[in-house]
Amino acid sequence: MHELFLIGIGTGNPDHVTFQAAEAIRGADLILIPRKGADKADLADLRRQICARVLGEDASERIAEFDLPVRDASGDYRAGVLDWHDAIAGVWTDTVAAASPAPRKVALLIWGDPSLYDSSLRIAARLSPAPRITVIPGITAIQALCAAHRIPLNEIGAPVVITTGRQIRDHGWPEGADTVVAMLDGGCAFQSLAPEGIRIWWGAYLGMAEEIAIAGPLAEAGPEILKTREEARARHGWLMDIYLMRRG
């Protein structure tokens, strides 16, 4: 592998794939697609659909699938993540090495954008020998959320904090922020906040046919979001969601 393309593909809508992303897919000798188990088979299917749309009948010949290692969540969080990244880098290397003929240009289709709460760049840094890395930006869940609710990300001249559910749960509302975007929040950390004066905009499966969007004062919308999340997870077997909160 001489060059690795990390290609942002948006939030599940094939129309999110940019001309630049499509060109990079067409130029790749091998496209790696992770399998995350039966519950998340839709995610691999969507990647295959994007490849078929861009490459046509040649798509399957250029795809190599691999089983994504499972992160050990029993111990220290950071150490577990670093070990997990090492394991993924090893699987990438083994999958590319098994391909014939040997690929020079390898691509990974990254949900959203490779630069925002995604680990692909950190994993790629573990590869040896190090390939040349090219990043193709993609539409993020934040953009898709604001589009779904028809709202701007920021108030006039006001700051925005992009953080995680873990940080909100452990430290509360970020100091100095008027608007907070929470990503990677499987536990609905907004429940840990006093709801007075906070409005929330929430979305799941953004950009997809299954898209769900709920907005309102946190005290009223919060319980509705919790109920809707559980129903959606039971229906689909997996859930990707994000929310924005604003005070004042």
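The values are calculated or read from the model by the stated rules, or taken from the named source; none is laboratory data. Owing to the predicted nature of the structure, the values given are computational and were not obtained by experimental measurement. We place every Cβ from the backbone using ideal geometry, glycine too, and count neighbours over all the protein chains shown. The area values use the complete protein model at the heavy-atom level, side chains included, leaving out ligands, DNA and RNA. Shrake-Rupley method; radii C 1.70, N 1.55, O 1.52, S 1.80 Å.
Quick rundown of the values:
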read-out: For the chain, calculated [θ]222 nm from helices alone, where every DSSP H run of n ≥ 4 adds -39500 (n - 2.57); value: -10500 deg cm²/dmol
read-out: Karplus-derived HN-Hα couplings along segment 5-16 (A = 6.51, B = -1.76, C = 1.60, θ = phi - 60°), whole Hz, x at Gly and Pro; value: 9, 9, 10, x, 10, x, 10, x, 9, x, 5, 6
read-out: Protection proxy ranking of 13-19, 176-182 - average other beta-carbon atoms within 10 Å, highest first; value: 176-182, 13-19
read-out: Accessible area of segment 1-106 divided out per residue, in Å², using a probe of 1.4 angstrom; value: 54
read-out: Considering only the chain, percent of DSSP beta bridges that pair antiparallel, nearest 5; value: 45
read-out: Solvent-accessible area of Tyr117 with every protein chain in place, 1.4 Å probe, in Å² to the nearest 10; value: 100
read-out: Top of Ala52, Ala209, Ala44 by mean-square fluctuation, Gaussian network on the chain, Cα under 10 Å; value: Ala209
read-out: Angle between the chain longest axis and helix 77-97 axis [Cα atoms, degrees, rounded to 10]; value: 30
read-out: The chain - percent relative contact order, Cα under 8 Å, separation 6 or more; value: 23
read-out: Nearest-ten-degree value, helix 41-55 long axis tilted from longest Cα axis of the chain; value: 60
read-out: Acute angle (nearest 10 degrees) that the helix 218-236 long axis makes with the longest principal axis of the chain, alpha-carbon atoms; value: 30
read-out: Translational diffusion of the chain, µm² s⁻¹ [Kirkwood Rh, Cα pairs; Stokes-Einstein; 20 °C; 1.002 mPa s]; value: 111
read-out: Mean separation of Cα contacts under 8 Å (6+ apart) over length of segment 115-228, as relative contact order %; value: 20
